[in-house]
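The structure appears below as structure tokens.
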């Protein structure tokens, strides 16, 4: 009946929500309102300075205008506090009203995208929408508690770790329509190599090196708590996930951890080893907007990009690559060069939407996000080249960046290498 449609729609939407989301979203709304108000005030001041009615060193409005802006910001903060207190009181009721599954793939996909775009801000503001890093087996989070780990009979001594990319999560390794917890590349490799798949979920908006330290610790925990001795660790990494693995490996070596000795091979899928031009284009936008007093307030829009995204400008792996530097300042590639993990078999799969290799396709097209040269570890400076062996490189033609996750041709090539 027509009168039942709204109820069905609410039920469908409600199953993707959790009680804590209301407070988290209200915090974001308040912060967004404050940000827009500051932007409007910035435009107001730039016009006033142009007319000679405000001093260059005066970033905030004064007089009646200043009173208005201060009132808006103060009122917004008060509303935010009131909303937070009210929603905190309503949370027990919301828990009952939104009772259902812990989460849904749709909700997790939205959270993954949100964390990729502004995950550093979510964590800095203690927002509950920030995704904590976790290793997962069969959908179960592996924690310090012994009861969270599987029985020895359910796993192998060889582990395949899967690392997703920017704005994604572990569930997106599944081919579309596949209801299994793991399928596609993961299942094929594990069946062929006698391995157990373990998936990582992380906040891709943090600096890659920050996530690298966290992953290094998580893998050390995995080696200590896995119910069977881990004889071999292999990694399948997509996009940013490949940079994360290289960062974690270096972090583990510097701390004398045990797991790097178990690492035998790494498959990189579309990893921007030397960065991605789209982030560099975003950096140009920051510079251009900031070059004019009129457009400078709008530069904040471009600077909504997370630390994880700005790390993709050149492929930052270490704390020293970004610490103490202005993220949005235009500067040349000053990364410390890190070679591929030593004594580890490393394989690179790159993609291009073109039908064949050509200088134009390789430099400007690539897979839509990552150029071929970056995915293959090639660099204009020979000292920065990663030197993948020719027989350990493969190019997927007429293939986009995200298609690398599920392309049967990619699975076939992985199996050829797996042997």
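The table below gives the values:
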read-out: Scan of region 122-148 for residues that are in contact (Cβ under 8 Å) with a residue 40 or more places away in the chain and closer than 18 Å to residue 190 by Cβ, ordered by number; value: 135, 136, 137, 138, 139, 142
read-out: Unique match (being under 23 Å from the mean Cα position of the chain (by Cα) and modelled with pLDDT of 95 or more) among 328, 347; value: 347
read-out: Residue match in region 393-403 (condition: at pLDDT 90 or above, in a helix (DSSP H, G or I) and under 25 Å from the mean Cα position of the chain (by Cα)); value: yes
read-out: Total residues in region 141-165, condition in a loop (DSSP other than H, G, I, E, B) and surrounded by fewer than 23 Cβ atoms within 10 Å (Cβ to Cβ); value: 9
read-out: Residue count, region 371-392 (criterion: touching a residue at least 12 places away in the same chain (Cβ under 8 Å), over 13 Å from residue 357 (Cβ atoms) and either outside the structural domain of residue 342 (by TED's automatic domain parsing) or out of contact with any helix residue (DSSP H, G or I) (no Cβ under 8 Å at 6 or more places or on another chain) (or both)); value: 7
read-out: Cross-chain or 6+ apart pairs with Cβ under 6 Å, region 397-419 first and within 16 Å of residue 165 (Cα to Cα) and in the same structural domain as residue 170 (by TED's automatic domain parsing), then assigned to a helix (DSSP H, G or I) and at pLDDT below 95; value: 406/184
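The values are calculated or read from the model by the stated rules, or taken from the named source; none is laboratory data. Here the structure is a predicted model, which means the values were calculated and not measured. Heads up, the Cβs are rebuilt from the backbone with ideal geometry, glycines too, and the neighbour counts pull from every protein chain shown.
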